[in-house]
Amino acid sequence: MAENDCIFCKIINREIPSDILYEDDDVLVFPDISPVAPVHLLVITRKHIPSLAEMDEADTPLVGKLTKVANQLARDKGLANGYRLTVNSGPDGGQLVPHLHMHLLGGRKLRWEN
């Protein structure tokens, strides 16, 4: 998928509205439109990277920053009892949008469904 067809790039470029909860030069955070937990946020890279498997070595600090931002948001959302950070990579890994992102899930006891 090209950047101009990417729904996350369109959110970054404000072509599609979203409730932006955090943003800086590298990262953007907004709620998932189909939440599976009381807190379900998407932590995305501003840079269009199709998947974790397609990142370059130079992108390694960016993935660390995604984690740092997600951890701060978890604290801000009061997820002291725990939370889950998930990165799906590729169609078989459950990645629905081909743009590198993390799911921050919390607000209830989480289980593994499969």
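Each reported figure results from applying straightforward, stated rules to the coordinates on display, with no laboratory input. Owing to the predicted nature of the structure, the values given are computational and were not obtained by experimental measurement. As a convention, Cβ positions derive from the backbone with ideal geometry for all residues, glycine included, and neighbour counts pool all protein chains shown.
Odds and ends about this structure:
- For the chain, size of Cβ-based charge dipole, Lys and Arg +1, Asp and Glu -1, in debye: 680
- Rg and Dmax [Cα atoms of the chain; Å; Rg one decimal, Dmax integer]: 13.6, 39
- Listed peptides 86-94, 104-112, 47-55 by packing density, highest first (mean Cβ within 10 Å): 47-55, 104-112, 86-94
- Since only Ala58, His48, Leu96 are under comparison, the one whose Cα sits farthest along the positive direction of the charge dipole of the chain, derived from C-beta charges on Lys, Arg, Asp and Glu, is Leu96.
- Principal-axis analysis of the Cα atoms of the chain puts helix 60-76 at an angle of about 40° to the longest axis.
- Neighbour counts of other Cβ atoms within 10 Å put Ser34, Ser18 in the fewest-to-most order Ser34, Ser18.
- Considering only Leu96, Leu41, Leu85, the mean-square fluctuation computed in a Gaussian network model of the chain, springs between alpha carbons under 10 angstrom, is largest for Leu96.
- About its Cα centre, the dipole of the range 1-68 is roughly 200 debye, where the only charges are +1 on Lys and Arg Cβ and -1 on Asp and Glu Cβ.
- Extension gain, Thr86 to Trp112, is 8.2 nm, computed as 0.36 nm per intervening residue step minus the present C-alpha separation.
- With both labels modelled 7 Å from their Cα along Cα-to-Cβ, the Ile20 to Ile33 distance reads 1.8 nm.
- For Lys10, a cut-off of 17 angstrom between C-alpha atoms picks up these lysines, skipping any fewer than 8 places away in its own chain: Lys47.
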